[in-house]
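Engineer: Quick one: the structure is below, and I'll ask about it shortly.
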Amino acid sequence: MSFFNRITGWSRKADAGSGGATPLSSPTLGALLAAVFGGGATKSGASVTVDSALQVSVVLACVRVIAEGIAQVPFRVMRESPDNRTRLPARQHPLWDKLGRKPNRWQTSFGLRETLAVHCVLTGNAYAYLSRVGARGDKIAEIIALDPKRVLVEATDDGTLTYKVTSRTGAEVRTLTERDIWHWRGPSWDGLIGMDVLRLARESIGLAMATEETQAALHAKGVRPSGVYSVEGTLSEKQYGDLKAWMTKEFGGAAAAGAPMILDRSAKWLPTTMTGVDAQHLETRKHQIEEVCRVFRLLPIMAGQADKAATYASAEAMFLAHLVHTLLPWYERIEQSADCHLLTDAERAEGYYTHLDPAGLLRGALKDTAEYLYKLVSLGVLTGNEAREMLDRNPIDGLDTPLTMTNMLPAGQGATT
């Protein structure tokens, strides 16, 4: 049965009874959507939802940097030998192509991982449907991302999780088991679902939104949007209306900012509103960029907020810190999740595991790649052909033996005097 028939074209409603299951996020799906995706007013007055948060440039930048960092590296199935001496790519494993290239009929591995990462980074959870085939359902035919707005997680008293997935039309719900869902969890309080990042950081993101709106309003009204136009004498109601309409037409909007005013009848213009400089909007917006980056555990330089004092060496150290402190925790989280959800107990016992290779981040950095491979080959960590394979080059005869440094000997074999 196709995915669309099972997920969006069900012919029956989900069972009425929940079997003692308890929703982990909210009592009802509607309440869940309202709490997580429906937004809510912040102290700054901004309403933070998934859609509105992504319209904040720093939020979009943080999400993209993490999601692309997860999606761009090779994702492979590996196998460790029983003696723990060799680890080789398991190219014949059924999941090799699913994880590395084509998880379903319309997506690439990059696209699937990027989508799931966006969901998980923003909401703390990402869900993929595992379309299984075969007599015992052991083979995964497709891995399909689900919209987290349509998934409600429930737990029974013994910790068993069920996933209630709502159809696209909202008319039907199907209850799926842990075996049917690949669940990515971000940092979690109870170990069952990830914490909702947007809810926890609502105030910081809301202030960033409010600051952008205030800055835009200042420019929309000519940066100095209000003041006092003082004239001698008393204006009639018609004169007042005509004068206000004339000022709005001639001097409203950013295009009129700085234009000279021609006044008569001893009129004076007395500005009373602070400019963007007076209000320190730039400083405030810069601070909010740093605040939002803290939420996503991302260095501001990775979101495009460059430090003027940064040198090439310090920037390089920051990029390394981004890999170590931002991406590697995500890699480990995803690898272990894939091992538990996609591989069977028997396969793990046979040495199979999944691996996101961070060396893929060096792709395009030719100098760094050359230095990295040169050191590994020189130390005998890699053979010449293994290095060539990482560069997608064909092997060369004679490069299958690791090099040995002649000025170094194993412990206990040094010359004695």
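The values are calculated or read from the model by the stated rules, or taken from the named source; none is laboratory data. All values derive from a computational prediction rather than experimental measurement. No Cβ is skipped: glycine too gets one built from the backbone with ideal geometry, and neighbour counts run over all protein chains shown. The accessibility values were calculated without ligands, DNA or RNA, using every heavy atom of the protein model including side chains. Shrake-Rupley method; radii C 1.70, N 1.55, O 1.52, S 1.80 Å.
Engineer: So how many residues does region 169-183 have that are part of a loop (DSSP other than H, G, I, E, B) and under 14 Å from residue 146 (Cβ atoms)?
Structural biologist: Going through region 169-183 one residue at a time, the tally reaches 0.
Engineer: Filter region 91-114 for residues that are in a loop (DSSP other than H, G, I, E, B) and within 15 Å of residue 338 (Cα to Cα); which is most open to solvent (accessible area, probe 1.4 Å)?
Structural biologist: Per the stated criteria, the residue is 94.
Engineer: Kindly provide the set of residues from region 372-389 that are of a type outside the set (Phe, Trp, Tyr), closer than 15 Å to residue 405 by Cβ, open to solvent by 90 Å² or more (accessible area, probe 1.4 Å) and free of Cβ contacts under 8 Å to residues at least 12 places away in the same chain, ordered by number.
Structural biologist: 375
Engineer: Report whether or not residue 199 is part of a helix (DSSP H, G or I), farther than 29 Å from residue 296 by Cα, open to solvent by 10 Å² or more (accessible area, probe 1.4 Å) and touching a Gly at 6+ places or on another chain (Cβ under 9 Å).
Structural biologist: Considered against the rule, which asks whether it is part of a helix (DSSP H, G or I), farther than 29 Å from residue 296 by Cα, open to solvent by 10 Å² or more (accessible area, probe 1.4 Å) and touching a Gly at 6+ places or on another chain (Cβ under 9 Å), residue 199 comes out as no.
Engineer: To continue, here is another question. For region 362-371, which positions are open to solvent by 100 Å² or more (accessible area, probe 1.4 Å) and either part of a loop (DSSP other than H, G, I, E, B) or not hydrophobic (A, V, I, L, M, F, W, C) (or both)?
Structural biologist: If the condition is that a residue be open to solvent by 100 Å² or more (accessible area, probe 1.4 Å) and either part of a loop (DSSP other than H, G, I, E, B) or not hydrophobic (A, V, I, L, M, F, W, C) (or both), then 363, 367 are the ones that fit.
Engineer: Further question: What tally of residues in region 177-199 results from selecting those that are without any contact (Cβ under 8 Å) to a residue 40 or more places away in the chain and of a type in the set (A, V, I, L, M, F, W, C)?
Structural biologist: Number of matching residues: 1.
Engineer: Filter region 328-353 down to the residues that are more than 25 Å from the chain's Cα centre (by Cα) and either within 15 Å of residue 127 (Cα to Cα) or open to solvent by 50 Å² or more (accessible area, probe 1.4 Å) (or both) and list them by number.
Structural biologist: Of everything in region 328-353, those that are more than 25 Å from the chain's Cα centre (by Cα) and either within 15 Å of residue 127 (Cα to Cα) or open to solvent by 50 Å² or more (accessible area, probe 1.4 Å) (or both) turn out to be 344, 345, 346, 348, 349, 350.
Engineer: For residue 417, state whether it is among the β-branched types (Val, Ile, Thr) and modelled with pLDDT under 85.
Structural biologist: So residue 417 fits the description; yes.
Engineer: Mind listing whichever residues of region 234-243 are open to solvent by 100 Å² or more (accessible area, probe 1.4 Å), closer than 14 Å to residue 267 by Cα and part of a helix (DSSP H, G or I)?
Structural biologist: 240
Engineer: Can you spot a residue in region 72-80 that is part of a helix (DSSP H, G or I) and buried (at least 21 other Cβ atoms within 10 Å of the Cβ)?
Structural biologist: no
Engineer: Pairs needed: first member in region 124-141, part of a loop (DSSP other than H, G, I, E, B); second member anywhere, at pLDDT 95 or above and loosely packed, with under 14 Cβ neighbours inside 10 Å; C-beta distance under 6 Å; at least 6 residues apart or different chains.
Structural biologist: Cβ pairs passing all conditions: none.
Engineer: Which pairs have Cβ atoms under 6 Å, sit 6 or more apart or on different chains, and link a residue in region 50-74 that is touching a residue at least 60 places away in the same chain (Cβ under 8 Å) to one that is assigned to a loop (DSSP other than H, G, I, E, B)?
Structural biologist: 50/37; 61/304; 62/296; 62/298; 73/357; 74/357
Engineer: Which number in (1) at pLDDT 80 or above; (2) open to solvent by less than 100 Å² (accessible area, probe 1.4 Å); (3) not in a loop (DSSP other than H, G, I, E, B) marks the one condition that residue 398 misses?
Structural biologist: Condition not satisfied by residue 398: (3).
Engineer: Then there's this: On the basis of being within 22 Å of residue 333 (Cβ to Cβ) and in a helix (DSSP H, G or I), does residue 192 make the cut?
Structural biologist: So residue 192 does not fit the description; no.
Conditions (1) at pLDDT below 85; (2) of a type in the set (S, T, N, Q); (3) under 25 Å from the mean Cα position of the chain (by Cα), marked per residue:
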residue: 29; (1), (2), (3): yes, no, yes
residue: 39; (1), (2), (3): yes, no, yes
residue: 45; (1), (2), (3): yes, no, no
residue: 49; (1), (2), (3): yes, yes, yes
residue: 52; (1), (2), (3): yes, yes, yes
residue: 60; (1), (2), (3): no, no, yes
residue: 63; (1), (2), (3): no, no, yes
residue: 71; (1), (2), (3): no, no, yes
residue: 75; (1), (2), (3): no, no, yes
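Engineer: Suppose we filter 149, 164 for residues that are open to solvent by less than 40 Å² (accessible area, probe 1.4 Å) and either at pLDDT 90 or above or closer than 30 Å to residue 292 by Cα (or both); which single one remains?
Structural biologist: After applying the criteria, what remains is 164.
Engineer: Return the pair list, or none, for Cβ contacts closer than 6 Å from residues in region 338-353 that are more than 20 Å from residue 85 (Cα to Cα) and without any contact (Cβ under 8 Å) to a residue 24 or more places away in the chain to residues that are buried (at least 18 other Cβ atoms within 10 Å of the Cβ) and not basic (Lys, Arg), at least 6 apart or on different chains.
Structural biologist: Sorted first by the residue in region 338-353, then by its partner, the pairs are 339/353; 339/354.
Engineer: Checking the structure you have, find out if any residue of region 132-145 is among the β-branched types (Val, Ile, Thr) and within 18 Å of residue 62 (Cα to Cα).
Structural biologist: Checked against the condition, which is being among the β-branched types (Val, Ile, Thr) and within 18 Å of residue 62 (Cα to Cα), region 132-145 yields no hits at all.
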